1. Only one of (1) open to solvent by 10 Å² or more (accessible area, probe 1.4 Å); (2) outside any loop (DSSP other than H, G, I, E, B) is not met by S129, so which one is it?
2. I need the full set of residues from segment 95-133 which are β-branched (V, I, T) and more than 18 Å from V167 (Cβ to Cβ), in order please.
3. Inspect all residues belonging to segment 166-183 and state whether any of them is free of Cβ contacts under 8 Å to residues at least 12 places away in the same chain, assigned by the TED database to the domain that holds L44, part of a helix (DSSP H, G or I) and open to solvent by less than 30 Å² (accessible area, probe 1.4 Å).
4. Among the numbered conditions (1) assigned by the TED database to the domain that holds P154; (2) farther than 18 Å from P302 by Cα, tell me where T231 comes up short.
5. Mind counting the residues in segment 387-396 that are open to solvent by 20 Å² or more (accessible area, probe 1.4 Å) and modelled with pLDDT under 75?
6. Looking at segment 102-124, which of its residues are aromatic (F, W, Y) and not in a strand (DSSP E or B)?
7. Could we say that I151 is under 25 Å from L35 (Cα atoms), modelled with pLDDT of 85 or more, part of a helix (DSSP H, G or I) and open to solvent by less than 10 Å² (accessible area, probe 1.4 Å) here?
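The values are calculated or read from the model by the stated rules, or taken from the named source; none is laboratory data. Nothing here was measured: the structure is a model prediction, and the numbers come from that model. Here the Cβ positions follow ideal geometry from the backbone for every residue, glycine too, while neighbour counts run over all protein chains shown. Surface accessibility is based on the protein's heavy atoms, side chains included, excluding ligands, DNA and RNA. Shrake-Rupley method; radii C 1.70, N 1.55, O 1.52, S 1.80 Å.
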Amino acid sequence: MKVEMNLDNDSNNLVQAPTNGNSEKLSPSTLSSLLGSKDRDYLLCSTAAAAETDQQVKISDLEGKVIGIYFSANWYPPCRNFNRVLIGVYEQLKSNGSNFEIVFVSSDEDLDAFNNYRENMPWLSIPFSDLETKKALNRKYDVESIPCLVILQPDNTKDDDTYYDGVELIYRYGVDAFPFTKEKLDELRREEKRKHDSQTVTNLLTNPERDYLLDQTITRKVPVDSLKGKTVGLYLSAQWCMPCVEFTPKLISIYQKIKQALQEKGGGEDFEIVFVSNDRDQSSFESYFGTMPWLALPFRDPTARTLAKYFDVQWIPCLIIIGPDGKTVTKQGRNLINLYQENAYPFTDAKVESLEKELEEAAKSLPRSEYHAGHRHLLTLVSEGSGGGPFICCDCEEQGSGWAYQCLECGYEVHPRCIRAVTPQSSIEDRIQLDFSRQIRDVSHERFSADMATSPIPARNQANEASSKFPYKKKKERIVRQVFCF
């Protein structure tokens, strides 16, 4: 069972991890059976500590501590990115005297990779050679994706026999999540709710040193208060991110169409977008923002990170919609743009429900099956009630929901609007050409993956499609695949 956040629910509730049998206090004997073996009653200490002290730490020394069991691997960029965040949180907690410890469980390919990855880790590790203990931990906590951080309390009976997904907690709350108890997390959720209930566009986008945004000239300052009463999109994006670069021209086109429609309609209603940059340097920010017709936060303004944490942003590009009253309408603006283009405005639940009904009516006139250019098999029209659901269109590579043309043989899916009906023979010829085009595109995607590994704001892994190298099982279910960058 994989631990996930419910991204379709703006309630900010955390999903609890699976329980694991009867509650048990983490006594020395329990810890030894969990983290040790018949031939080993110790863990490896950090490389830095090993230079000054013994290279081993007795497992019994962890008694009474909150323990994070950290599943990770050097070869996977989201792990390396999360590792940097986790190191910062760990070191801050240790400097405060907190009784917290982390135990690294490696999924690296060989001993050299394990040692290289471990060099910068200030915590403990299970020896790379102890494959049986690593497998047992994987089975016990049903690990299906990495990075994964399982939090264990000194006395499980005090935490409703529940383990929480530590990766989500670290990204969402940082050091404030400690000691990761139900009471502490309930307190944090209440504080989040209080902030969201009192949310305004002004307190979202200003700080004590700044009450303005930048226009396209980057020199003229636009008061944040000028956005009051408007529908506002917060666009978190970066020039180094290929999905961002691909989505931005589409968003520009939709933005201009919405603005024109509102101007023609009259009545004072307005729509604006604010660019929240994750670029690596000022020149990249200026170059990328120079293509956009809207406003922006100044480069490296601390509000950017505050917004990412406040809205629990897990990937870019991300478009968060704020209503005229200053409250959050949806965090799924990008998906709504992809599904409904300019018709998605004003992005409210009522509007989306209306658009879904229109799609239902339109689907009644669609052919039940088609051959599509670029795929050799017959595609069948499906809905959520007949085998459909959230998907990534294999033609335009954007998210889809509801109706789709699906290959019942191999799972290939496309939006109904992306269907290019052909005869079976021409479908095969087009497929050959498409395969060649995708080989070219994959070269660029490899470059993007390399860039993502050094992103100033870490990547996050929730839908694990990263690599066939990962030895853990994957859920056999339909997932919405995204590239996680925050």
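1. (2)
2. I126, T133
3. There is at least one residue in segment 166-183 that is free of Cβ contacts under 8 Å to residues at least 12 places away in the same chain, assigned by the TED database to the domain that holds L44, part of a helix (DSSP H, G or I) and open to solvent by less than 30 Å² (accessible area, probe 1.4 Å).
4. (1)
5. Of the residues in segment 387-396, 2 are open to solvent by 20 Å² or more (accessible area, probe 1.4 Å) and modelled with pLDDT under 75.
6. Within segment 102-124, F114, Y117, W123 meet the criteria.
7. So I151 does not fit the description; no.
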